[in-house]
Amino acid sequence: MDRTELLSHMHDGRAELENALKPLNKHDLSEPLLPNGWSIKDIIAHFGFWERRMVTLYEILTSGEKPEDLISDDTLDELNARVYEDNQLLPLAIVQVNELEAYEALLAIAKTAPEEDLFDPQRFAWTEGEPFYNWIAVNTYDHYADHIPDLTQLSSAD
């Protein structure tokens, strides 16, 4: 993987997500229409949280600090539940802006970070031998791909 491939995957994944969301705009995006009882707004907030988390993680790692929290499967579910709750009272427009800003900040890292920061698996000891670009992938295009089937199923049910 190199920067060109990473950016291509990010752009392609984002386009797939936007294409999956586009037909759903005729729905009330705050209604719990997804199989897990989430709304489209909830999934957008979910993406934004994880994208912003990666921006923050990168900032911590490049400052030479060590991130404090580790996420296990149990805490992952708890964290996702907290994000869900935290965003319930926010208007859809705010959730959308927050997510877009988080994505754009992560995209800026992918575009401008030193090659070593993104692709050297030994650059950050905290990532335990995984290059940072993997963290970007898991929280952008790979993450979208996990949820797109539910979104497309919803739009095909119309």
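The values are calculated or read from the model by the stated rules, or taken from the named source; none is laboratory data. Please read these numbers as outputs of a predicted model, since none were measured by experiment. Because the Cβ atoms are built from the backbone with ideal geometry, glycine has one as well, and the counts that use them run over all protein chains shown.
Can you tell me which residue is farthest from the chain's Cα centre (by Cα) among those in segment 135-149 that are crowded, with 16+ Cβ neighbours inside 10 Å and assigned to a helix (DSSP H, G or I)? Can you show your working first?
First, the residues of segment 135-149 that are crowded, with 16+ Cβ neighbours inside 10 Å: 135-137, 139-141, 143-144, 147-148.
Checking which are assigned to a helix (DSSP H, G or I) leaves us with 135-137, 141, 143-144, 147-148.
Working: Trp135: 10, Ile136: 8, Ala137: 9, Tyr141: 8, His143: 6, Tyr144: 7, His147: 11, Ile148: 13 Å.
Among them, the one singled out is Ile148.
Check whether at least one residue in segment 28-38 is on the phi < 0 side of the Ramachandran plot and in a helix (DSSP H, G or I), and report yes or no. Walk me through how you get there before you give the answer.
Here is the first cut: in segment 28-38, the ones on the phi < 0 side of the Ramachandran plot are 28-36, 38.
Those still in the list that are in a helix (DSSP H, G or I) too: none.
No - not one qualifying residue is present in segment 28-38.
Taken over segment 70-114, the criterion of being touching a helix residue (DSSP H, G or I) at 6+ places or on another chain (Cβ under 7 Å), part of a helix (DSSP H, G or I) and not aliphatic (A, V, I, L, M) is satisfied by Asn80, Tyr84, Gln96, Asn98, Glu99, Tyr103, Lys111. Of the set (1) closer than 30 Å to Ala125 by Cα; (2) over 15 Å from the mean Cα position of the chain (by Cα); (3) among the basic types (Lys, Arg), all apply to Arg53 but (2). Figure legend. Inter-residue proximity from segment 2-15: first residues more than 15 Å from Leu118 (Cα to Cα), second residues outside any helix (DSSP H, G or I) and modelled with pLDDT of 95 or more, beta-carbon distance below 7 Å, spacing 6+ or different chains. Indicated pairs: Gly13/Thr140. Just give me the residues in segment 99-129 being within 20 Å of Thr4 (Cβ to Cβ) and surrounded by fewer than 16 Cβ atoms within 10 Å (Cβ to Cβ), in sequence order. Passing the criteria: Glu104, Ala108, Lys111, Thr112, Pro114, Glu115, Glu116, Asp120, Pro121.
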